[in-house]
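Q: This is the structure I want to talk about, given as structure tokens.
The values are calculated or read from the model by the stated rules, or taken from the named source; none is laboratory data. Owing to the predicted nature of the structure, the values given are computational and were not obtained by experimental measurement. Cβ placement follows ideal geometry from the backbone for every residue including glycine, while neighbour counts extend to all protein chains displayed. The protein model used for the area step is the full one, side chains on, heavy atoms only, and it has no ligands, DNA or RNA in it. Shrake-Rupley method; radii C 1.70, N 1.55, O 1.52, S 1.80 Å.
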Amino acid sequence: MSRQLPRLAALSLCLLAGLAACKQEPAADAASADPAAAAPTAAPATAGDRKSVEITGAGATFIYPLLSKWSDDYNKATGARINYQSIGSGGGIAQIKAGTVDFGSSDKPLAPEELAKDGLAQFPSAVGGVVPVVNLEGLEAGKLRLSGAVLADIFLGKVATWNDPAIAALNPGLPLPSSKINVVHRSDGSGTTFNFVNYLSKVSPAWKATVGEGTSVNWPGGIGGKGNEGVAAYVKQIKGSIGYVELAYATENRMAYAGMQNAAGNWVQPSAASFAAAAASADWKNARDFSLVVTDAPGADAWPITATNFILVYKQPKDAKRTRDTLDFFKWAFEQGQAQADALHFVPLPAELVQQIEAYWASDIKA
Amino acid sequence: MNAIAPTAADDSRDLADIRTDNRFRWLVTGAGVFVLVSLAAAALSMLWGGRAAFQKFGIAFLWTDEWDAVQQQFGALVPIYGTLVTAFIAMLIAVPISFGIAFFLTEIAPKWLRTPVGAAIELLAGIPSIIYGMWGLFVLVPVLAEHVYPWVDANFGQIPFVGVLFAGPPLGLGMGTAGLVLAIMVIPFVSSVMREVFLTVPGRLKESAYALGATRWEVVWDVVLPYTRSAVIGGIFLGLGRALGETMAVTFVLGNAHSLTMSLLEPGNSIAATIANEFTEADSEMYRSSLIALGFVLFIVTFIVLSIARLMLRSLNKREGN
């Protein structure tokens with residue numbers, strides 16, 4: 001009993017401290033609801049220049065690795081805590097509309113009309129790319145060449161064998177087996193799928209008419225794997241298969257990806273450089289609320305299936321400080337987060353686009 | 001605690017006993033009602049969540065095979081079919097094997113072997129389903145795709161009528177594989193119930209049968225099984241319930257394709273796998289509602305299957321004259 005007493009005391013002390021900490025936070029929140037009065041007084045109250053900031057976000061899984069790295073580094077630099085839940089783009093849009101998070105994230109840009117209806121602002125956060133991956137014996141990465149039309153025909157089931165004249169014509173000299181093409185697609189709804197089928201819709205009228213675009217579509221055939229890792233696992237196991245994943249999954253699993261012909265007619269390989277070229281050549285300036293899908297971008301070196309992630313915040317937030325903190329975080333990420341993005345196979349936004357985003361913040365968001 | 005003098009407290013003690021007894025009765029009634037309330041709450045909230053889908057597609061939701069999030073057309077036939085077929089395959093494999101395991105453990109195995117094997121079965125029952133899924137995908141699927149399915153396709157694929165079940169590309173993924181993984185998952189449940197109830201058969205019954213010259217098979221088939229029949233069927237349906245609702249393991253090996261196919265070698269879909277796959281990115285009202293409606297359908301399918309089991313059991317009992 002006597003040995004337990006000090007332990008008990010220590011425990012209750014910890015509990016008390018914890019409770020006190022809890023009590024402080026809601027008080028700070030309540031104060032910041034009145035931004036003009038509270039924001040300046042709240043800041044000096046905290047020790048030094050460490051911020052007692054906490055932001056919550058939810059949405060796309062695509063950006064999760066990058067956001068968690070960014071928030072970790074941002075936390076080390078400023079003390080602010082960013083809590084991001086990767087529940088999927090659909091969930092992210094629903095959560096920001098319900099007002100339960102400070103920012104939402106989606107791989108599919110919302111139309112300006114839909115944004116206006118809910119009073120939301122939208123801006124891109126990072127760029128990545130989707131690559132077709134194949135499993136053909138002896139084929140090295142980047143050796144197989146596909147055009148958008150042929151890729152669409154393969155996923156439509158019109159091109160059903162590897163030695164089909166359509167594929168052979170693009171790959172003179174490459175030995176192609178006569179085996180059946182096994183198509184692998186995502187079984188779950190996803191931003192990767194959205195960007196992939198958006199591209200196929202742009203380059204193939206037949207695809208647009210029969211399948212269309214969305215985060216999940218009615219696939220004409222093939223098998224579905226759950227997540228990028230599911231598709232990667234299936235393609236690795238099934239001989240003669242073709243699927244699509246984000247570049248990081250293709251390189252990490254050492255899978256044979258295919259080179260593509262872009263809108264300018266050039267043959268390109270997936271890489272940070274070709275993704276960046278696509279992001280830079282896209283016409284961001286004339287896209288209201290940055291509502292633009294950068295697939296099939298016009299640039300000479302642009303990778304055709306480049307994907308952009310978007311962040312959603314309120315234009316006139318109820319709690320202006322939290323949205324201000326969110327924008328501060330992304331400003332920091334755009335300016336100082338390039339190295340982390342490179343390491344994770346994401347492409348930082350071009351400087352010109354960052355300037356456009358910051359101008360957009362200043363003009364459209366009252367925070 | 002009851003340190004009250006017996007002389008003064010007789011009446012009050014009776015009263016206290018009655019009160020405690022009443023309180024206890026309410027407590028256990030509450031526990032019983034809790035089951036009904038949670039059942040009704042789950043069913044009704046799914047029906048409510050899926051009301052938009054049911055309103056738009058009506059009862060035809062059950063036999064439409066289209067599932068198109070772009071055109072907003074949803075029908076549950078493919079997932080319902082996949083759920084029933086995979087569960088049926090699982091039971092077809094699991095029940096005889098479980099019976100064999102229970103038979104072996106209670107009648108044949110030497111005493112020293114019974115405990116470790118019994119413990120191993122219970123351990124198998126405790127393995128999370130995602131582990132079975134990963135094992136299925138990374139170990140079972142390549143073996144089936146390389147060695148088993150090409151042979152099945154070549155040897156059974158051409159048989160008239162039944163052949164369509166076994167014809168198809170050897171992907172290794174599909175309803176057959178899902179059924180196989182499910183079988184391995186439900187065997188521990190079914191066999192451990194069977195083993196437990198086989199042990200409850202009175203020794204004198206079995207000994208009398210042996211004394212009459214019965215073989216081990218005759219003892220188990222004619223004495224042990226009839227004696228434990230209702231419990232054995234209960235165990236089988238516990239396994240069936242698990243097979244119908246299993247999500248993760250099936251998602252890994254089923255192929256997740258919304259296409260209606262007779263072939264067991266081709267990818268299909270199940271209700272639980274569809275919900276798990278698509279719920280996170282269901283970005284329209286009708287899509288989400290259709291998925292919840294699918295959950296309600298699974299509820300109903302399970303309910304119907306288990307009701308049929310009850311009816312079967314009752315008619316069996318009647319025929320036996322119990």
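Q: Take the stretch B:88-134 and flag every residue that is among the aromatic types (F, W, Y) and within 20 Å of the chain's Cα centre (by Cα). Walk me through how you get there before you give the answer.
A: Taking the stretch B:88-134 as the starting set, the residues that turn out to be among the aromatic types (F, W, Y) are B:88, B:99, B:103-104, B:112, B:132.
B:F88, B:F99, B:Y132, listed by residue number.
Q: For B:V190, state whether it is β-branched (V, I, T), within 14 Å of another protein chain (Cβ to nearest Cβ), within 30 Å of B:L165 (Cβ to Cβ) and under 15 Å from the mean Cα position of the chain (by Cα).
A: Numbers: β-branched (V, I, T): yes; within 14 Å of another protein chain (Cβ to nearest Cβ): no; within 30 Å of B:L165 (Cβ to Cβ): yes; under 15 Å from the mean Cα position of the chain (by Cα): yes.
Considered against the rule, which asks whether it is β-branched (V, I, T), within 14 Å of another protein chain (Cβ to nearest Cβ), within 30 Å of B:L165 (Cβ to Cβ) and under 15 Å from the mean Cα position of the chain (by Cα), B:V190 comes out as no.
Q: Between a residue in the stretch A:326-337 that is farther than 12 Å from A:D73 by Cα and open to solvent by less than 40 Å² (accessible area, probe 1.4 Å) and any residue that is among the acidic types (D, E) and part of a helix (DSSP H, G or I), which pairs come within a Cβ distance under 9 Å, given they are 6 or more apart or on different chains?
A: If the second residue must be among the acidic types (D, E) and part of a helix (DSSP H, G or I), the pairs left are A:L327/A:E358; A:F334/A:E358.
Q: Now for a different question. Considering only helices (runs of 4 or more DSSP H) fully contained in the stretch A:102-175, which possess at least 1 residues that are crowded, with 24+ Cβ neighbours inside 10 Å and in contact with a strand residue (DSSP E or B) (Cβ under 9 Å, 6 or more places away or on another chain)? Even if it seems obvious, please write down each step before you answer.
A: Details: elements: A:112-118, A:148-156, A:165-170.
The qualifying helices (runs of 4 or more DSSP H) are A:148-156.
Q: Moving on to the next point. Exactly one condition in (1) open to solvent by less than 70 Å² (accessible area, probe 1.4 Å); (2) polar (S, T, N, Q); (3) assigned to a helix (DSSP H, G or I) is false for B:T64; which is it?
A: (3)
Q: Considering only residues that are within 14 Å of chain A (Cβ to nearest Cβ) and touching a Ser or Thr at 6+ places or on another chain (Cβ under 9 Å), which ones fall in the stretch B:50-67?
A: Hits for the stretch B:50-67 are B:D65, B:W67.
Q: So, one more: Which one of the conditions (1) under 21 Å from A:A248 (Cβ atoms); (2) more than 14 Å from chain B (Cβ to nearest Cβ); (3) within 13 Å of the chain's Cα centre (by Cα); (4) not small (G, A, S) does A:F123 fail to meet, given that it meets all the rest?
A: Checking A:F123 against (1) under 21 Å from A:A248 (Cβ atoms); (2) more than 14 Å from chain B (Cβ to nearest Cβ); (3) within 13 Å of the chain's Cα centre (by Cα); (4) not small (G, A, S), the one that fails is (1).
Q: Return the total of residues in the stretch A:301-320 being assigned to a loop (DSSP other than H, G, I, E, B) and closer than 18 Å to A:R145 by Cα. Walk me through how you get there before you give the answer.
A: Going residue by residue through the stretch A:301-320, those that are assigned to a loop (DSSP other than H, G, I, E, B) are A:301-305, A:315-319.
Still in the list and also closer than 18 Å to A:R145 by Cα: A:301-305.
Adding up the residues that qualify gives 5.
Q: Name, by its number, the condition in (1) touching a strand residue (DSSP E or B) at 6+ places or on another chain (Cβ under 8 Å); (2) within 14 Å of another protein chain (Cβ to nearest Cβ); (3) touching a residue at least 40 places away in the same chain (Cβ under 8 Å) that does not hold for A:S216.
A: Among (1) touching a strand residue (DSSP E or B) at 6+ places or on another chain (Cβ under 8 Å); (2) within 14 Å of another protein chain (Cβ to nearest Cβ); (3) touching a residue at least 40 places away in the same chain (Cβ under 8 Å), the lone unmet condition for A:S216 is (3).
Q: Further question: State yes or no: is B:G239 open to solvent by 10 Å² or more (accessible area, probe 1.4 Å) and either away from chain A (no Cβ under 13 Å) or of a type in the set (A, V, I, L, M) (or both)?
A: Taking the combined requirement at face value, the residue does not satisfy it.
Q: Here is a list of conditions, (1) open to solvent by 50 Å² or more (accessible area, probe 1.4 Å); (2) closer than 16 Å to A:L146 by Cβ; (3) within 14 Å of another protein chain (Cβ to nearest Cβ), and A:K239 meets all of them except one; can you say which number that is?
A: In the conditions (1) open to solvent by 50 Å² or more (accessible area, probe 1.4 Å); (2) closer than 16 Å to A:L146 by Cβ; (3) within 14 Å of another protein chain (Cβ to nearest Cβ), A:K239 misses (2) alone.
Q: For the structure I just gave you, tell me whether B:A249 is part of a helix (DSSP H, G or I), among the small types (G, A, S), open to solvent by less than 50 Å² (accessible area, probe 1.4 Å) and in contact (Cβ under 8 Å) with a residue 60 or more places away in the chain.
A: Numbers: part of a helix (DSSP H, G or I): yes; among the small types (G, A, S): yes; open to solvent by less than 50 Å² (accessible area, probe 1.4 Å): yes; in contact (Cβ under 8 Å) with a residue 60 or more places away in the chain: yes.
Spelling it out, B:A249 is indeed part of a helix (DSSP H, G or I), among the small types (G, A, S), open to solvent by less than 50 Å² (accessible area, probe 1.4 Å) and in contact (Cβ under 8 Å) with a residue 60 or more places away in the chain.
Q: Just name the residue that is farthest from the chain's Cα centre (by Cα) out of those in the stretch A:338-353 that are surrounded by 18 or more Cβ atoms within 10 Å (Cβ to Cβ) and closer than 12 Å to A:W284 by Cα.
A: A:L353
Q: Sticking with this structure for a sec: Would you please name the residue that is nearest to B:Q72 (Cα to Cα), looking only at residues in the stretch B:254-308 that are of a type in the set (F, W, Y) and surrounded by fewer than 18 Cβ atoms within 10 Å (Cβ to Cβ)? Steps first, please.
A: Filtering the stretch B:254-308 down to residues of a type in the set (F, W, Y) leaves B:279, B:287, B:296, B:299, B:303.
With the extra rule that they be surrounded by fewer than 18 Cβ atoms within 10 Å (Cβ to Cβ), the set shrinks to B:299, B:303.
Values: B:F299: 23, B:F303: 28 Å.
For the stretch B:254-308, the residue satisfying everything is B:F299.
Q: Answer yes or no: is there a residue in the stretch B:247-257 that is within 14 Å of chain A (Cβ to nearest Cβ), touching a His at 6+ places or on another chain (Cβ under 8 Å) and among the polar types (S, T, N, Q).
A: Filtering the stretch B:247-257 for residues within 14 Å of chain A (Cβ to nearest Cβ) gives B:247-257.
Within this subset, residues satisfying the condition of being touching a His at 6+ places or on another chain (Cβ under 8 Å) are none.
No, the stretch B:247-257 contains no residue that is within 14 Å of chain A (Cβ to nearest Cβ), touching a His at 6+ places or on another chain (Cβ under 8 Å) and among the polar types (S, T, N, Q).
Q: Would you please list the contacts, defined by Cβ atoms under 7 Å and residues six or more apart or on different chains, that run from a residue in the stretch A:235-258 that is on the phi > 0 side of the Ramachandran plot to a residue that is buried (at least 18 other Cβ atoms within 10 Å of the Cβ) and not in a helix (DSSP H, G or I)?
A: From the stretch A:235-258, the pairs are A:G240/A:N135; A:G240/A:L136; A:G240/A:W162; A:G240/A:I181; A:G240/A:N182.
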